[in-house]
Amino acid sequence: MKLISNLEWKAFSLGDLFYFDKGNQNNMGALQDGKIPLVSAKKCDNGYKTFVSKNSKKLYNGHCITLNNDGDGGAGLAYYQPCQMALDSHVTALIPKVSMSKYTMLFIARSISMQRSLFGHGRSINSARLRIFKLMLPVDEKVQPDYAFMDKYMKAVEKRLLTQYKAYLERVYDINRQGGVKVQKRAGKASL
């Protein structure tokens with residue numbers, strides 16, 4: 001795989017890659033508990049606020065990116081969403097215009113989030129700002145977004161992280177199997 005630092009990059013208009021669909025859930029007090037994720041403009045937990053029941057408002061299909069328009073410090077954050085969801089009115093769904101893998105959209109979501117400093121409480125994302133929003137992406141030999149590289153790169157990141165998590169869990173398992181961490185007290189100090 002090519003090194004990310006050796007790639008050619010180009011600015012692309014977000015509107016050339018995605019359709020925009022602003023969320024429609026605006027009466028949070030009327031929502032009933034359920035199994036459908038409600039994505040809001042949170043800065044953590046993939047934007048998930050709670051789980052709700054279907055109501056009269058539109059549900060959004062998964063396999064898209066959500067972009068926080070404003071919110072609790074999360075303005076400009078983008079998340080890949082794998083499943084059907086309800087969207088808070090402070091979030092915009094970015095629906096791909098061309099076929100993209102989950103991994104490509106994870107790469108793009110990260111590229112969008114890298115520009116979050118452009119937005120904040122006093123400068124939210126609106127339809128006019130979305131139309132002019134540009135992001136840097138690696139390009140292929142035709143100077144088009146290199147979706148194949150983005151896919152391969154994010155798969156490698158996932159594999160590396162899963163390897164780290166597996167090693168961590170194996171250490172935890174070994175510690176628990178051996179009866180936990182032994183703490184010895186010496187001269188008023190604890191040592192492992």
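The values are calculated or read from the model by the stated rules, or taken from the named source; none is laboratory data. From a predicted model like this one, the values you see are computed outputs, not experimental measurements. Note that each Cβ is placed from the backbone with ideal geometry, even for glycine, and that neighbours are counted across all protein chains shown. Ligands, DNA and RNA are stripped out before the accessible areas are found, and what is left, the full protein with its side chains, is counted by its heavy atoms. Shrake-Rupley method; radii C 1.70, N 1.55, O 1.52, S 1.80 Å.
I'm trying to understand the selection: among the residues of the stretch 56-65, which are open to solvent by 50 Å² or more (accessible area, probe 1.4 Å) and closer than 11 Å to residue 86 by Cβ?
Once the filter is applied, which keeps residues that are open to solvent by 50 Å² or more (accessible area, probe 1.4 Å) and closer than 11 Å to residue 86 by Cβ, the stretch 56-65 yields 57, 58.
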Among 109, 86, which is the only one that is touching a residue at least 24 places away in the same chain (Cβ under 8 Å) and either open to solvent by 70 Å² or more (accessible area, probe 1.4 Å) or in a strand (DSSP E or B) (or both)?
-> 86
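For (1) basic (Lys, Arg); (2) under 27 Å from residue 128 (Cβ atoms), each residue gets a yes or a no:
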{"site": "12", "(1), (2)": "no, yes"}
{"site": "24", "(1), (2)": "no, yes"}
{"site": "27", "(1), (2)": "no, yes"}
{"site": "71", "(1), (2)": "no, yes"}
{"site": "79", "(1), (2)": "no, yes"}
{"site": "83", "(1), (2)": "no, no"}
{"site": "93", "(1), (2)": "no, yes"}
{"site": "97", "(1), (2)": "yes, yes"}
Counting only residues that are free of Cβ contacts under 8 Å to residues at least 60 places away in the same chain, give me the strands (runs of 3 or more DSSP E) lying completely in the stretch 1-72 with at least 2 of them.
-> 33-39, 48-52, 64-68
Expected output for the stretch 137-151 (first residue touching a residue at least 12 places away in the same chain (Cβ under 8 Å) and in a helix (DSSP H, G or I), partner surrounded by 12 or more Cβ atoms within 10 Å (Cβ to Cβ) and of a type in the set (A, V, I, L, M, F, W, C), Cβ below 8 Å, 6+ apart or cross-chain) is 147/100; 149/7; 150/107; 150/108; 150/137; 151/107
Check residue 125 against each of (1) modelled with pLDDT of 90 or more; (2) part of a loop (DSSP other than H, G, I, E, B) and name the one condition it does not meet.
-> (1)
Which members of the stretch 124-173 meet the condition of being open to solvent by less than 40 Å² (accessible area, probe 1.4 Å) and among the β-branched types (Val, Ile, Thr)?
-> 125, 139, 157
